[in-house]
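The values are calculated or read from the model by the stated rules, or taken from the named source; none is laboratory data. Values in this document were obtained by computation on a predicted structure and should not be read as measured data. Neighbour counts are summed over all protein chains in view; Cβ atoms, including those assigned to glycine, are modelled from backbone coordinates with ideal geometry.
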Amino acid sequence: MTVTFDDILAAQKRIAGQVDRTPVRYSRRLSQLTGAEVWVKFDNLHFTGSFKERGALNRLLQLTSDERKRGVVAASAGNHAQALAYHGARLGVPVTIVMPEGTPFVKADGTRAHGATVVIKGLDFTGSTEEAHRLRDTEGYVFVSAFDDEGIIAGQGVCGIEFMEDAPDLDVLIVPIGGGGLIAGTAIAAKAMKPSIRIFGVEAAMYPSYTARREGRPPVCSGQTIAEGIAIKAVGEIPFALVDPLIEDVLVVGEADFETGVSYLATLEKTVAEGAGAGGLAALLAYPDKFRGMKVGIELTGGNIDARMLAVVLNRELVREKKMIVYRILGDDRPGMLSKMSAVIGGAGGNIIDVVHNRLALDVPAKGAEFDIMVETRGAAHAEEIRHGLEEAGYALRMG
């Protein structure tokens, strides 16, 4: 099996006018932050919120009339699901989606809203795929893989065409890897248009399946990653065979960098990214020396993140930057104690957000109390200034 640049050009013509052409923009803020010249492709601006629409529509348009009547089934954590559901409804193709337990509500609800039947089955993508195969065999549906399918890969390759047309001077493309469909199609197109372009993949440290496959060892994949869109235990056979010769390196990135990427895209770029969608920026943050001074394109693959999780990530970043910090103070349990602490913190310019009294900890004197005071600061230096102020006032800080 193979996918050629001609296949991708045919897919581009096939889906034209039915899928948004998303913008590629130079980011001054991210460039200043990383030391590279950063260009972002905003695939979170697709109607269903992710890059998956190109491949899903291309594959659906290649179904025979009989296959359209039978309908399709797929396993997906959400983005492939929503893309199939939306375009399936447009084309009159019944769509059934199997999602793993723990799929973000925003993705499951979005899929149902587009008219698909949603089945929650399996602890992870592998379990959901097994159920989708069972439904294919028992119900007669056409199984449409999220990545291990030539039609899907060709459709995703349109991303590479758009990227190179809009930013032809790029030195590097960084693309998140789950099953490999996006990076395979994108790399084939980009290399055809500019052979010197360097392609890098990004994987979550909890799910380094591509890296393991490349090194010839069994993948060790487990855990709840914020980058659930690329939490795949086994890269697809077709995309791996197509893209492995084209990739220069695969960068394995930890959770903290994915979280920081989501936060920076929200606060600096004013756009919403899901965990996997922030993978390109996360790689730049994790490996700054590798790309410094280069013209780098990052594929923001999607923005389907639960509002609650986005709030958690943004608050965690404030903690990471010490713009929100907890001072734990041991003091006497008597009137006016908290007022005096507050005066010290307020006098230093800190904003108290929350206070918790702990009187039952056995390492606290019976006539004493432990105060957890959550304070908003301007950053690490300001937080340290407040700490010194409290210590100079005679308060014993247990931790912070």
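Could you please give the count of residues in region 161-170 that are farther than 15 Å from VAL40 by Cβ and crowded, with 16+ Cβ neighbours inside 10 Å? Total meeting the criteria: 1.
Region 97-212 holds strands (runs of 3 or more DSSP E) entirely within its bounds, and those carrying 3 or more residues that are out of contact with any Gly (no Cβ under 7 Å at 6 or more places or on another chain) and not assigned by TED's automatic domain parsing to the domain that holds ARG68 map to 198-204. Would you check if there is a residue in region 300-309 being of a type in the set (Lys, Arg), surrounded by fewer than 19 Cβ atoms within 10 Å (Cβ to Cβ) and at pLDDT 95 or above? No, that holds for no residue.
Does LEU63 satisfy the criteria of being more than 17 Å from GLU162 (Cβ to Cβ) and touching a residue at least 60 places away in the same chain (Cβ under 8 Å)? Against the criterion (more than 17 Å from GLU162 (Cβ to Cβ) and touching a residue at least 60 places away in the same chain (Cβ under 8 Å)), LEU63 qualifies. When region 314-340 is filtered for residues that are touching a Gly at 6+ places or on another chain (Cβ under 8 Å) and at pLDDT 90 or above, the ones remaining, listed by number, are GLU321, LYS322, LYS323, ILE325, VAL326, TYR327, ARG328. Scanning region 22-36 for residues that are assigned to a strand (DSSP E or B) and either crowded, with 24+ Cβ neighbours inside 10 Å or among the β-branched types (Val, Ile, Thr) (or both) returns a single hit, VAL24. Listed by position, the strands (runs of 3 or more DSSP E) inside region 286-400 whose residues that are in contact (Cβ under 8 Å) with a residue 40 or more places away in the chain and over 30 Å from GLY157 (Cα atoms) number at least 2 are 324-332, 368-376, 396-399. When ALA278, ALA266, ALA283, ALA273 are screened for being in contact (Cβ under 8 Å) with a residue 60 or more places away in the chain, buried (at least 16 other Cβ atoms within 10 Å of the Cβ) and assigned to a helix (DSSP H, G or I), only ALA283 passes.
Would you mind telling me which numbered condition in (1) modelled with pLDDT of 95 or more; (2) in a loop (DSSP other than H, G, I, E, B) PRO218 fails? The number of the failed condition is (1).
Could you list, in sequence order, the residues of region 310-332 that are surrounded by 14 or more Cβ atoms within 10 Å (Cβ to Cβ) and small (Gly, Ala, Ser)? Selection gives GLY331 alone. For region 37-82, the tally of residues that are surrounded by 24 or more Cβ atoms within 10 Å (Cβ to Cβ), of a type in the set (Gly, Ala, Ser) and not in a helix (DSSP H, G or I) stands at 7.
Results for (1) surrounded by 13 or more Cβ atoms within 10 Å (Cβ to Cβ); (2) over 23 Å from ASN315 (Cβ atoms), shown as yes or no for each residue.
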{"residue": "ARG334", "(1), (2)": "no, yes"}
{"residue": "MET337", "(1), (2)": "yes, yes"}
{"residue": "SER342", "(1), (2)": "yes, no"}
{"residue": "VAL364", "(1), (2)": "yes, yes"}
{"residue": "LYS367", "(1), (2)": "no, yes"}
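For the residues ALA393, ALA311, ALA307, the requirement of being aliphatic (A, V, I, L, M) and more than 30 Å from PHE51 (Cα to Cα) singles out ALA393.
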